[in-house]
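J.: There's a structure below that I have some questions on.
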Amino acid sequence: MTLPLRLLPCGTGGVLVEITEPDPDRALRAVLALAAAVRRDPLAGDLVDLVPAARTLLLTARPGVAPDRLRQRVVALADRLDPGDPTPPQRTVTIEVEYGGWDLAEVADLTGLSRSEVIHAHTATPWQVAFGGFAPGFAYLIGGDPRLAVPRRTEPRTRVPQGAVGLAGRFSGVYPRESPGGWQVLGVSDVVLWNPDAVPPALLSPGTQVRFRAVSVSRTR
């Protein structure tokens, strides 16, 4: 199956692959499938960076590697790729959560589930890192229980604590540091998502499977 895409130059040694599929969910799945194919291909040895996003994949070549080589190899990989195939996770990270966040009751109302059913839905189905953004260490997680797709808050908060676990649209995520934010907060975790002294510094990289585990439930948070 040929992916609908176009290739754009980026700097002197980069290629930006844009998936032109109009459906956002299918476009994102195509990005993840193509990124996984590139990682398995000898092409990966020619790269210094591979950055997936919602509908683009940025490939940055090592010095001396011709961008034409990147473009030709990407087209060859895309021609035989089926984005409908599941992308196997590279590894699994378990994140422990104290549920009972500010918005747990509101999410229950929005979804028609009870609080305990929201928690079960969030923990029972694995998530997968699609791409990073917003802040160092923040990962947009997809693939969870579809019943948990809820809108962002109508009024963002000026302060969301580090470790807050939330939902926004079809994504889940964990705030790596205190910041403003508009996600629906289900609970909080003490997981360290960004450590500049670690290699790599981000705990969650694209393709990583994430499983949430409830360690306690607070009704007062």
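The values are calculated or read from the model by the stated rules, or taken from the named source; none is laboratory data. Bear in mind the structure is a predicted one, so any value in this text is a computation, not a measurement. Heads up, the Cβs are rebuilt from the backbone with ideal geometry, glycines too, and the neighbour counts pull from every protein chain shown.
J.: Looking only at residues in the range 135-169 that are under 15 Å from the mean Cα position of the chain (by Cα) and without any contact (Cβ under 8 Å) to a residue 24 or more places away in the chain, which one is surrounded by the most Cβ atoms within 10 Å (Cβ to Cβ)?
T.: This residue is GLY143.
J.: Still on this model: If I go through the range 124-159 residue by residue, how many of them are of a type in the set (A, V, I, L, M, F, W, C) and either under 17 Å from ALA105 (Cα atoms) or outside any strand (DSSP E or B) (or both)?
T.: Selection size over the range 124-159: 7.
J.: Still on this model: So which strands (runs of 3 or more DSSP E) are wholly in the range 4-107 and hold at least 1 residues that are among the polar types (S, T, N, Q) and more than 17 Å from the chain's Cα centre (by Cα)?
T.: 56-61
J.: Related question: Out of all the residues in the range 17-28, is one or more modelled with pLDDT of 90 or more, closer than 20 Å to ARG170 by Cβ and either not assigned by TED's automatic domain parsing to the domain that holds PRO151 or not basic (Lys, Arg) (or both)?
T.: Yes.
Residues checked against (1) closer than 15 Å to ASP25 by Cα; (2) of a type in the set (Asp, Glu):
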| residue | (1), (2) |
| --- | --- |
| GLY132 | no, no |
| PHE138 | no, no |
| ILE142 | yes, no |
| ASP145 | yes, yes |
| VAL150 | no, no |
| PRO156 | no, no |
| GLY166 | no, no |
| SER179 | no, no |
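J.: Let me ask another. Give THR92, THR60 a once-over and let me know the one that is under 30 Å from GLY187 (Cα atoms) and in contact (Cβ under 8 Å) with a residue 24 or more places away in the chain.
T.: Checking each option against the conditions leaves just THR92.
J.: Now, a different point. Can you find, within the range 74-133, the residue that is nearest to GLN162 (Cα to Cα) among those that are modelled with pLDDT under 95 and β-branched (Val, Ile, Thr)?
T.: Out of the qualifying residues, it is VAL129.
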